[in-house]
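Student: Input: one structure, supplied below.
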Amino acid sequence: MKKIIGSILLLVCLIFGIFLTLKLNKQTIYGLFLPKNSPHFWLLYYLTDKGYWELYGTKVKVVDNLDQAALIAVKASEKIPAGYKILIKLSNFEPYSIYLRNPAQNFSFKNKAIILPPRGSKQYRDVVDFLSRQGIKPYKDYTPYFDLPEEIKEEAFTAGIGNLYIASTLTPLKKLTPFAVIKAPDLAVLAVKDDIKFKDLQNIISALYHGQKAFYQNPEATAFLSLAPATQQKLFLFLNNEGFFSKNLSFNPATVAIAQQYYNNPQGPFFQSSFYTKLLQQIREKVSFTDLLLFVFQKIFS
């Protein structure tokens, strides 16, 4: 009797394995291009680490070649290539930390020597533009230090060079605690090729929509970030409290409209409102039993 039951179970597994193989072979594998080691794309790292793409009925693979990518994750300041449209917003700004050597008393940027990111870099422009919007100009109102080698900046600052040190919050300093954070007008987005099938976009959206809930409830360290797990946890909590991550992936054009200011085309690389409305109506609220079995068997046979 046990042999019969075992044979039946083996046959069921074999049939389901064949079904799974046929189903997976029919699926198109979409390449996802995203920069490594950038918390802007933390949600996508999480979905990839946890297998959310497969769980929600689509096949997404991280690729290193932009030419192979149907989905691309970039910061808005880097522009979206032709043939792509923005699907969702992933993060809300570019954060920079202000470090002080001594406790702040009557804090001011004026008449200070400030260590800045390397001259000519986007980070340098972000910080200088921020100060300019406060009416504070380099050399006139403060002395910029931008030519110190990156590997000695922290040590130089603690040794007495400069009054303030401004650096990206996304690369926390080991020995210093930030006094405050400034936010540059930048954000990260996920864009898709125009020719992706609507059905596949539904699956991608389902993975993002439901994966985000788990992401907020239990953010775990990811190999995509070159930070220690404890540092990742602290950075996530800080950025989350600052509103760095989008709280509601409603896929409404309004959630990505802020990106429009970064593009020469006034219309921006966006989908129409009707597209988002239809897409939202099609999102599955729960994973089906078949999807769950496919996910489990895929892990077994892969």
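Student: Which of the numbered conditions does Lys193 fail, given that it passes all the others? Conditions: (1) open to solvent by 60 Å² or more (accessible area, probe 1.4 Å); (2) touching a residue at least 12 places away in the same chain (Cβ under 8 Å); (3) more than 18 Å from Val74 (Cα to Cα).
Tutor: With (1) open to solvent by 60 Å² or more (accessible area, probe 1.4 Å); (2) touching a residue at least 12 places away in the same chain (Cβ under 8 Å); (3) more than 18 Å from Val74 (Cα to Cα) applied to Lys193, the lone miss is (3).
Student: Given the residues Asp141, Asp195, which is the only one that is at pLDDT 90 or above and acidic (Asp, Glu)?
Tutor: Asp141 is the lone residue from the list that is at pLDDT 90 or above and acidic (Asp, Glu).
Student: Would you point out which residue out of Ser121, Ser108 is among the hydroxyl-bearing types (Ser, Thr, Tyr) and over 29 Å from the mean Cα position of the chain (by Cα)?
Tutor: Being among the hydroxyl-bearing types (Ser, Thr, Tyr) and over 29 Å from the mean Cα position of the chain (by Cα) holds for just one of Ser121, Ser108, which is Ser108.
Student: If only one of Lys174, Lys199 is open to solvent by 30 Å² or more (accessible area, probe 1.4 Å) and not in a loop (DSSP other than H, G, I, E, B), which one is it?
Tutor: Testing whether each residue is open to solvent by 30 Å² or more (accessible area, probe 1.4 Å) and not in a loop (DSSP other than H, G, I, E, B) leaves just Lys199.
Student: I would also like to ask the following. Please determine, by comparing only the residues of region 109-119 that are open to solvent by less than 40 Å² (accessible area, probe 1.4 Å) and assigned to a loop (DSSP other than H, G, I, E, B), which one is farthest from Asp141 (Cα to Cα). Quick ask: steps written out before the conclusion?
Tutor: If we filter region 109-119 for residues that are open to solvent by less than 40 Å² (accessible area, probe 1.4 Å), which is where we start, we get 109, 113-117.
So of that shortlist, the ones also assigned to a loop (DSSP other than H, G, I, E, B) come out as 109, 116-117.
Numbers: Phe109: 8, Leu116: 15, Pro117: 18 Å.
Among those residues, the one meeting the criterion is Pro117.
Student: Consider Ser206 against the criteria (1) of a type in the set (Ser, Thr, Tyr); (2) modelled with pLDDT under 90; (3) more than 30 Å from Ile86 (Cα to Cα): it satisfies all of them except one. Which criterion is unmet?
Tutor: All conditions are met except number (3).
Student: Sticking with this structure for a sec: With the requirement that a residue be farther than 25 Å from Ile166 by Cα, open to solvent by 50 Å² or more (accessible area, probe 1.4 Å) and not polar (S, T, N, Q), what does region 46-104 give you?
Tutor: Asp49, Lys50, Lys61, Asp64, Leu66, Asp67, Lys79, Ala82, Lys85
Student: I'd like the full set of residues that are assigned to a loop (DSSP other than H, G, I, E, B) and surrounded by 14 or more Cβ atoms within 10 Å (Cβ to Cβ), limited to region 150-171.
Tutor: Ile161, Gly162, Asn163, Thr169, Leu170, Thr171
Student: Let me ask something else. Only one residue in Phe224, Phe244 is under 18 Å from Tyr96 (Cβ atoms) and either at pLDDT 85 or above or touching a Ser or Thr at 6+ places or on another chain (Cβ under 6 Å) (or both), so which one is that?
Tutor: So the residue among Phe224, Phe244 that is under 18 Å from Tyr96 (Cβ atoms) and either at pLDDT 85 or above or touching a Ser or Thr at 6+ places or on another chain (Cβ under 6 Å) (or both) is Phe244.
Student: Across region 120-149, what is the total count of residues that are part of a strand (DSSP E or B) and open to solvent by less than 70 Å² (accessible area, probe 1.4 Å)?
Tutor: Total satisfying the criteria: 4.
Student: So, in region 28-73, how many residues would count as being in a strand (DSSP E or B) and at pLDDT 85 or above?
Tutor: Matching residues across region 28-73 total 13.
Student: Answer yes or no as to whether Phe215 is open to solvent by 20 Å² or more (accessible area, probe 1.4 Å), assigned to a helix (DSSP H, G or I) and either aromatic (Phe, Trp, Tyr) or assigned by the TED database to the domain that holds Ile88 (or both). It would help to see each step written out before you state the result.
Tutor: Numbers: open to solvent by 20 Å² or more (accessible area, probe 1.4 Å): no; assigned to a helix (DSSP H, G or I): yes; either aromatic (Phe, Trp, Tyr) or assigned by the TED database to the domain that holds Ile88 (or both): yes.
It is false that Phe215 is open to solvent by 20 Å² or more (accessible area, probe 1.4 Å), assigned to a helix (DSSP H, G or I) and either aromatic (Phe, Trp, Tyr) or assigned by the TED database to the domain that holds Ile88 (or both).
The values are calculated or read from the model by the stated rules, or taken from the named source; none is laboratory data. Just so you know, these numbers come straight off a predicted model, no measurement behind them. Neighbour counts are summed over all protein chains in view; Cβ atoms, including those assigned to glycine, are modelled from backbone coordinates with ideal geometry. Side chains included, ligands, DNA and RNA excluded: accessible areas come from the protein's heavy atoms. Shrake-Rupley method; radii C 1.70, N 1.55, O 1.52, S 1.80 Å.
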